[in-house]
Amino acid sequence: MKEISCKLLVIGAGPGGYVCAIRAGQLGIDTVIVEAGKPGGTCLNVGCIPSKAMIHAADEYLKVSEMAEGTSPLGIGLSKPTLELKKTVAWKDGIVGRLNTGVAGLLKKAKVKSLQGWARFRDGKTVEVETETGVQVIRAETIVIATGSLPTELPFLPFGGKVISSTEALALKEVPKALAVVGGGYIGLELGIAFAKMGAKVTVVEAQPRILPLYDAELTRPVAKRLDELGVTVLTGAKARVLSSKGDALLVETSDGTETSIEADRVLVTVGRRPNVDGWGLEEIDVDRTGPFIHVDDQCRTSMRGIYAIGDVTGEPMLAHRAMAQGEMVAEIVAGQRRSWDKSCIPAVCFTDPEVVSAGLSPEEARQSGAEIKVGQFPFSANGRAMTLLGESGFVRVVSRADNHLVLGIQAVGSGVSELSAAFSLAIEMGARLEDIAGTIHAHPTQSEGFQEAALKALGHALHI
Amino acid sequence: MAEHVIKMPDVGEGVAEAELVEWNVKVGDLVREDTVIAAVMTDKATVEIPSPVEGQIAWLGAEIGDTVAVGSPIVKIDVAGDATPSTEPSDETPKVDSKAVAAEPEAKPAKAEPVAPPALEKKPAPASVKSTAAGPTSTGAPRPEGERPLASPAVRLRAREAGIDLRQVPGTGPAGRISHEDLDVFIARGREPVVTGLRPDTSVEEIKVVGLRRRIAEKMALAKSRIPHITYVEEVDVTALEDLRASLNATKRPDRAKLTLLPFLMRAMVKAIAEQPQLNALYDDEAGVIHRHGGVHIGIAAQTPSGLVVPVVRHAEARDLWDCAAEVNRLADAAKAGTATREELSGSTITITSLGAMGGVATTPVINHPEVAIIGVNKMMVRPVWDGSQFIPRKMMNLSSSFDHRVIDGWDAAVFVQRIKALLETPALIFVET
């Protein structure tokens, strides 16, 4: 097969890779993108998008179930609903499929050449791609590694059979009767809560003393409370061992050292993700690593000239929007523009129930950075819109510097707060002070008023509390 | 609750107004009886105003640097209990605190709203354009080291495309935020070399002139604008005087102060004034009257850590050499320690000014208005002097003296200085009764 030469080659069409390729195409760069699976990567195919589809379906199902039980405070009653998970999954697959096509279309529109197959470095300038029709050699001036990450496997609970990763969890044909979730991070909790709402008996096993250990206890408390309401058993400080000999239970060493058996027809292992650095010839190129990750500088350059890396393969936080921002930046650098990573914050959202948003520094992190801080917190129980949505649990919290009121971090927990993340990260990125947020009219009645009130609270004059 | 009003007290010397130089309290503070509320400054001294009552400060009637007429209300205090509002005429004797004289001016400029880069703001500016008023005046490091420059993504992008390191750009926005305008200013000014080396510094720092500095400024302006100065410089051979001084110091009683040149000069001036009393006078030019004083009160201009003060040796005509020396020492110590009283810092009829080791060859002393003469002492040094057949080393010192030419003719000035020169060159004459 004839060798292809191009200016830019992107390996991996996840959110980082495809954004990089689209932007490069827009800038008139001769670009090729290689992907072994479908365009969109983990995020679109087996991550963010499909999980949110399933979470939404679970929310809807729980809502109507409660109405059928006659417990709805809204006074709505109906007969018992049914859930055909196969149809739900098909609906979800439909969304994923439309987005796959969408990404492919966007790449085409930007005049990017897409190639399906497994790429492998031959040297720093050459990549071989195993396609259906044979091996294609691509020579590129610049190469962007965007190979992403994979679910971490536990050696004593290897994936397969009853032990599944998030990928399989999103494609189950039936709701498991009993689901054990190993790992109480955001992936495990998002999916665990969804399955609990769909009727599964869910047990979460977390080795740390509390769930969502990356967030502070105050922020995660409403989630823990909701887990309890949903009948989810949470074992913290507990270690998953192995499947029982019959294979119908997970053996767990609890915090007090005793061994217990958790009934489970599925065991979902969500103990983190690892960078995808195997099988594509990383060993052929000599790039520095930071732990398991590829080391990059503030322009996403690796230690090898002409090779960039973006997204999960470069480290935490493993978030699609970080990868996208990196991808866009690298495309512009390749086009000769002056760019470097100068973001003030990378917001993070957990689609648990209630949702959790964090942008910038938590109070503890701010203190550790040496700043004298002022914190303002406003509960949704004092927000009218939250009350009308039956979403009174949670709060908005603003962390600012005490001396000049510069906003350092904003967190929220509550129903639907993921949409507030836009305001949070915009405020931090624009260098807002408490007075800027307090002085901005927030539409009534919305949950966003809680944001303004939290800033007012930090300034010492909240109005509605 | 009752309101107690404190008015600007009459701080003496018949002054009609005084400058407020320090607030020790702010609105809302609780004060006890005798808590010092404020410091005001008159001609020479700083006067502390104590609270005569216990209560809470409700109102402050002036800002630092304001000149307030005697009798105007300056503080209102809410007093618990007493139902009738009272106005204290503040007959309480104000404490003269010349310590403040010493400490004040140095502390003042720092407090007087320095134009700091907003990033350094200690207090949050009240979220208004006020903090931007500081303007892009500073050029040095715009923010503390390690502090991240604060700018919106659009500003960051523009800066990057223009190749500008935002760390070098001063931000005038709230919390030191860099705006598009700040970037415009920075670009318009031309990029400055980031590395060391020569570069123009266009910064302008505003320092409010208050307290002692303002007193000095007003006094100097008054003296120079009213008085046509004539300055006369003459050299004096002080070799014999220095020999005498050395032997007197070597044999002096241990309890006596070490003699400097000053007491000799003072005694010489007393002698010369006896012959030319018109030099020891205060000229009230508005009234058109010269007050010729019998007593010779010699002001000694002294540089203290806080600024120029002029302690006064009163009745030098009634003091002998040792007494003059002791009094000069005592006053110098008091002025330096800031414990000199108002009386000790005013009332001179003629002044000596000396810069000691920094005395230079000649100076043009400014008359201490409303006096008519000032004697400036320059640095003493060994110079070759032609004695008619050869050069010999002599200890020489210049006197630079200024006179009010409206009332002192050049001839009289010259005669006065020549008389002092003669006395100093033959110091025995100082002690001869005539």
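All of the numbers you see were taken from the coordinates with simple rules; none came from a lab. Because the structure is predicted, anything quoted here is derived from the model rather than measured. Heads up, the Cβs are rebuilt from the backbone with ideal geometry, glycines too, and the neighbour counts pull from every protein chain shown.
Quick notes on this one:
- Among A:227-238, A:186-197, the order from most to least packed when residues are scored by Cβ within 10 Å on average: A:186-197, A:227-238
- Largest-first principal axis extents, alpha carbons of segment B:283-350, Å: 38, 30, 16
- Distance between segment B:358-428 and segment A:323-374 - C-alpha centres, whole angstrom: 75
- Taken residue by residue and averaged, Cβ atoms of other chains lying within 10 Å of the Cβ of B:156-167 number 2.
- Ascending count of other beta-carbon atoms within 10 Å, so fewest first, for A:V349, B:V328, A:V267, B:V185: B:V185, A:V349, B:V328, A:V267
- Debye-sum result for segment A:163-271 in log10 I(q)/I(0), which assumes one identical scatterer on each alpha carbon, at q = 0.09, 0.20 Å⁻¹: -0.20, -1.01
- Exposure proxy for A:S255, A:S72, A:S448: other Cβ atoms within 10 Å of each Cβ, ordered fewest to most, give A:S255, A:S72, A:S448.
- FRET efficiency estimate (nearest 0.05) - Cβ-Cβ, A:V135 to A:S369, R0 45 angstrom: 0.30
- Chain A - percent relative contact order, Cα under 8 Å, separation 6 or more: 15
- Whichever lysines have a C-alpha closer than 30 Å to that of B:K395, once near sequence neighbours (fewer than 8 apart) are set aside: B:K252, B:K258, B:K271, B:K336, B:K379, B:K421
- Charge dipole of the protein assembly as shown about the Cα centre (unit charges at C-beta), most positive-ward option of A:I333, A:I262, A:I437: A:I333
- In a simple Cβ point-charge model (Lys, Arg +1; Asp, Glu -1; nothing else charged), the protein assembly as shown has a dipole of about 2780 debye relative to its Cα centre.
- Ranking B:G359, B:V270, B:H229 by Cα position along the charge dipole of segment B:227-431, where only Lys, Arg, Asp and Glu carry charges on their C-beta atoms, puts B:G359 farthest toward the positive end.
- Label-reachable residues, segment B:379-393, where backbone N falls under 16 Å from a point 7 Å from B:A357's Cα toward its Cβ: B:379-382
- Treating r as the C-beta distance of B:E161 and A:E3 and R0 as 30 Å, the FRET efficiency rounds to 0.25.
- Anchor B:K26: lysines whose Cα lies under 25 Å away (excluding residues fewer than 8 positions away in-chain): A:K374, B:K7, B:K76, B:K95, B:K99, B:K108, B:K111, B:K122, B:K123, B:K130, B:K208
- Only Lys, Arg, Asp and Glu carry charge here, each on its Cβ (+1 for the first two, -1 for the last two); on that basis segment B:227-431 has a dipole of about 700 debye about its Cα centre.
- Between A:K177 and A:S72, the FRET efficiency from the beta-carbon distance, with R0 = 30 Å, is close to 0.70.
- Per principal axis, descending, Cα span of the protein assembly as shown in whole Å: 131, 80, 51
- Under the combined filter of DSSP loop state and at most 13 neighbouring Cβ atoms within 10 Å, segment A:25-92 retains these GluC sites (Glu not before Pro): A:E69, A:E84.
- Residue order, fewest to most surrounding Cβ atoms within 10 angstrom, among A:K374, A:K109: A:K109, A:K374
- Test item: B:172-182 mean partner chain Cβ contacts at 10 Å: 3
- Cross-link partners of A:K201 among lysines, defined as those whose alpha carbon lies under 25 angstrom from its own and excluding same-chain residues fewer than eight positions apart: A:K52, A:K63, A:K80, A:K86, A:K87, A:K92, A:K162, A:K173, A:K177, A:K225, A:K239, A:K246.
- Of the trypsin sites (Lys or Arg not before Pro) found in segment A:217-301, those that fall in a DSSP loop while having at most 15 other beta-carbon atoms within 10 Å are A:K246.
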